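Working notes, beginning with the structure itself.
The values are calculated or read from the model by the stated rules, or taken from the named source; none is laboratory data. Since the model is a prediction, treat every value here as computed from it, not as a measurement. Note that each Cβ is placed from the backbone with ideal geometry, even for glycine, and that neighbours are counted across all protein chains shown.
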Amino acid sequence: MTSKSRKLAAFWGLAWVLPIAFILAIQLLAGLEAAPRYVVSPMQIAKTIWELAVSGELLKDALASLQRSLSGFAIGAVIGVGLGLACSVIRPLQSFFDPLVSMVYPVPKVALLPVVITWLGFGDASKIAIISLAVFFPTFINSIYGSRGVNPRWIWSALNMGASRFQLFWKVIVPSSLPHVFNGLRSGLALSYVVLFAAEMVGAKNGLGNMIMKADESMRFDLMYAAILTIGLLGFVSDRTLLALRRRLLAGKFPGEEHHA
């Protein structure tokens, strides 16, 4: 084993020490009679997850949440990236959206949920809409800054070679903006799961957020933690999938992208 391999193995070993120590501490604490009800042993949580998985309830709620989250992410990302990149070549569009985004971006999107529900009702449409709104802002901002950061020499070279505005956009601005675009997509993807929980707290008949609310009402902390861990797992898998797509698209085009994490 090389020195680099030994250092990498030691790093990953240390990275697992704290989580394992935390799980063991919780397991021991949960065994004490004086432990609060919200301290649930990891073994009990694992048992609850298994029972939910076998019954099919976990899969049903996870798929409902995944559908809402990814639908909202897709809509918000397409609009955010599209408008952000378009602002690089359509200056009036940038002048219109810049102050509007600066004003609305700091507002917690969950605070707008009652308004969206008034417009669209308690169904999936309002939940997908509020997730889309949350995803729009990081994708728009990262896309517009990515397009602004394109090397001017590349633009001048393309124009000197007779590139049209359309060719300049698709062959220079869009490819050069991709690292920033993916940063925005990753932030937006994480936000889609954050907002998902709040959206499913109101009027949802299924989903992991609804499961957490029902667990809270019945004081089933094992059920609550099982739903929370499932949301975390869905977010992790989605994030790794997006990173794999980024590496595939950008490897060899930008220095260091093949090692990006």
Filter result for Lys205 (assigned by TED's automatic domain parsing to the domain that holds Gln67, outside any helix (DSSP H, G or I) and over 29 Å from Gly149 (Cα atoms)): yes
Selection count where residues are in a helix (DSSP H, G or I), surrounded by 13 or more Cβ atoms within 10 Å (Cβ to Cβ) and of a type in the set (Gly, Ala, Ser), scope segment 80-113: 4
Near pairs, Cβ below 6 angstrom, 6+ apart or cross-chain, from segment 51-69 (under 16 Å from Lys127 (Cβ atoms)) to any residue that is of a type in the set (Lys, Arg) and at pLDDT below 95: Arg68/Lys127
Selected residue [over 19 Å from the mean Cα position of the chain (by Cα) and buried (at least 19 other Cβ atoms within 10 Å of the Cβ)] from Met224, Met213: Met224
Unmet criterion (only one of (1) assigned by TED's automatic domain parsing to the domain that holds Ser126; (2) surrounded by 14 or more Cβ atoms within 10 Å (Cβ to Cβ)) for Ala35: (1)
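Going through Ala77, Ala21 one at a time, which residue ends up being in a helix (DSSP H, G or I) and in the same structural domain as Ser192 (by TED's automatic domain parsing)?
Ala77
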Residue match in segment 162-181 (condition: among the aromatic types (Phe, Trp, Tyr) and under 20 Å from Arg248 (Cα atoms)): yes
Options Ala86, Ala125: the member that is assigned by TED's automatic domain parsing to the domain that holds Pro152, more than 22 Å from the chain's Cα centre (by Cα), among the small types (Gly, Ala, Ser) and at pLDDT 85 or above: Ala86
Phe136 being aromatic (Phe, Trp, Tyr) and crowded, with 20+ Cβ neighbours inside 10 Å: yes
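If only one of Arg153, Arg246 is in contact with an Asp or Glu (Cβ under 9 Å, 6 or more places away or on another chain) and either loosely packed, with under 12 Cβ neighbours inside 10 Å or more than 22 Å from Ile131 (Cα to Cα) (or both), which one is it?
After applying the criteria, what remains is Arg246.
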Count of segment 40-62 residues which are assigned to a loop (DSSP other than H, G, I, E, B) and surrounded by 13 or more Cβ atoms within 10 Å (Cβ to Cβ): 2
Whichever residue in segment 55-100 is out of contact with any Gly (no Cβ under 6 Å at 6 or more places or on another chain) and among the acidic types (Asp, Glu) and, among such residues, is nearest to Ala227 (Cα to Cα): Glu57
